[in-house]
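Structure, as structure tokens:
The values are calculated or read from the model by the stated rules, or taken from the named source; none is laboratory data. This one's a predicted model, so the numbers in the text were calculated from it and none came from an experiment. We place every Cβ from the backbone using ideal geometry, glycine too, and count neighbours over all the protein chains shown. Please note that ligands, DNA and RNA were not included when accessible areas were found on the heavy atoms of the full protein model with its side chains. Shrake-Rupley method; radii C 1.70, N 1.55, O 1.52, S 1.80 Å.
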Amino acid sequence: FWLFDEPYPVRVDSDTLYWNGPLTLLSGPERIEDNWWQEPASRDYYIAQTETGQPVWVFQDRRNKYWYVQGLLP
């Protein structure tokens, strides 16, 4: 399991996610909400797969609706 220091932005085009090629969502979402008393975080996490078969951990920030890759899965 490899987490990135900073998440990488994911491009969305016609309801398809792209990060080094198209991504296919495999499972999720798992919602994480935290720190509501200071700077709230609300994210939906998914497991996706690249076109080469690499599983990746992605999330959508529920506040700004942007997608990111958080890390690589084994």
Margin query: What three numbers, in Å, describe the spread of the alpha carbons of the chain along their principal axes, ordered from the longest?
Written below: 41, 29, 21
Check: What is the magnitude of the charge dipole of the chain about its Cα centre, with +1 placed on the Cβ of each Lys and Arg, -1 on the Cβ of each Asp and Glu, and no other charges, expressed in debye to the nearest 20?
Finding: 120 debye
Margin query: Using a 1.4 Å probe on the protein heavy atoms, what percent of the accessible area of the chain belongs to carbon and sulfur?
Written below: 49 percent
Check: Normalised by the number of residues in the stretch 24-74, what is the relative contact order in percent for Cα pairs under 8 Å and 6+ residues apart?
Finding: 28 percent
Check: When ligands, DNA and RNA are left out and all protein chains stay put, how many square angstrom of accessible area per residue does the chain have with a 1.4 Å probe?
Finding: 72 Å²
